Amino acid sequence: MNTMTLYTNPQSRGRVVRWMLEEVGQPYSVEVMEFGGSIKSPEYLKLNPMGKVPTLTHKGAVITETVAICTYLAEQFPDSGLAPALDSPARASYYRWLFFAAGPFEMATSAKAYKWPIDDECAVAIGCGHIEDAINTLEKTLTAQPYLCGDSFTTADLVMSSYLGWEMMMKNIDPRPAFTAYVERCEGREAARRANRLDDALMEESAVS
């Protein structure tokens, strides 16, 4: 029985949540939201007042924001092994990198993509600091170890590799060796390949219709 519904569009961050759902291996249904159409409908705005995707519903709960949804799923389905144990020292790194992805990293890459100036004067007040500092911090960790929390893949890697892969594809970040190897390692997982096939099929259906 499906207790989860993913509201998404295959050309959105909803692809990240789709991958997460495939990792946890629980049944779910999908509602495709149309940009400029159903995504701004009164019915959908009751779930997500911003009129954005993804949104997940689960047993009466409504969760928005990509990283929040992925974190929620890891905790709701602990048998998936996508989060370090609560009493593990790796839990600290796990939280650090989840919030790094949603905060400093996305801010830095957005600033780079849209050429927002971050100089010495304003860097101290902006969450990402200098753009290259955020990018170099990630590179340093991925050069030293295969995953953000050490030797094991977690939800933090699912999120970060999705964001990093996108930014490299859009040429907002140079394809440094540590980055390309990391993204290939993460996106080579069977759940990632399965999720991509499902969302690519949705894109083909939209193109035909």
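The values are calculated or read from the model by the stated rules, or taken from the named source; none is laboratory data. From a predicted model like this one, the values you see are computed outputs, not experimental measurements. All Cβ positions, even for glycine, are placed from backbone atoms using ideal geometry, and neighbour counts span all protein chains on display.
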(message) over 13 Å from the mean Cα position of the chain (by Cα), closer than 20 Å to SER206 by Cα and either modelled with pLDDT under 95 or of a type outside the set (Val, Ile, Thr) (or both): which single residue out of LYS40, LYS59 fits that description?
(response) LYS40
(message) Suppose the filter is surrounded by fewer than 16 Cβ atoms within 10 Å (Cβ to Cβ), in a helix (DSSP H, G or I) and not assigned by TED's automatic domain parsing to the domain that holds LEU21; does LYS140 pass it?
(response) yes
(request) Would you check if there is a residue in the range 185-208 being in contact with a Ser or Thr (Cβ under 9 Å, 6 or more places away or on another chain) and among the β-branched types (Val, Ile, Thr)? (result) no
(message) Considering only the range 6-13, I want to know if a residue exists there that is assigned to a helix (DSSP H, G or I) and in contact with a strand residue (DSSP E or B) (Cβ under 7 Å, 6 or more places away or on another chain).
(response) no
(request) Would you please name the residue that is nearest to LEU82 (Cα to Cα), looking only at residues in the range 189-205 that are in contact with an Asp or Glu (Cβ under 6 Å, 6 or more places away or on another chain) and crowded, with 16+ Cβ neighbours inside 10 Å? (result) ALA191
(message) If I filter the range 86-129 down to residues being surrounded by fewer than 18 Cβ atoms within 10 Å (Cβ to Cβ) and under 20 Å from MET170 (Cα atoms), which single residue comes out as nearest to the chain's Cα centre (by Cα)?
(response) GLY103
(message) Within the range 14-79, considering only helices (runs of 4 or more DSSP H) that don't extend past its boundaries, which have at least 2 residues that are more than 23 Å from ARG194 (Cα to Cα)?
(response) 42-47
(request) Mind counting the residues in the range 130-166 that are small (Gly, Ala, Ser), within 14 Å of the chain's Cα centre (by Cα) and within 28 Å of SER88 (Cα to Cα)? (result) 3
(request) Could you tell me which residue of the range 20-41 is surrounded by the fewest Cβ atoms within 10 Å (Cβ to Cβ), considering only residues that are of a type in the set (A, V, I, L, M, F, W, C) and within 16 Å of GLN76 (Cβ to Cβ)? (result) VAL24
(request) Could you tell me which residue of the range 187-209 is nearest to VAL24 (Cα to Cα), considering only residues that are of a type in the set (A, V, I, L, M, F, W, C) and over 16 Å from the mean Cα position of the chain (by Cα)? (result) LEU198
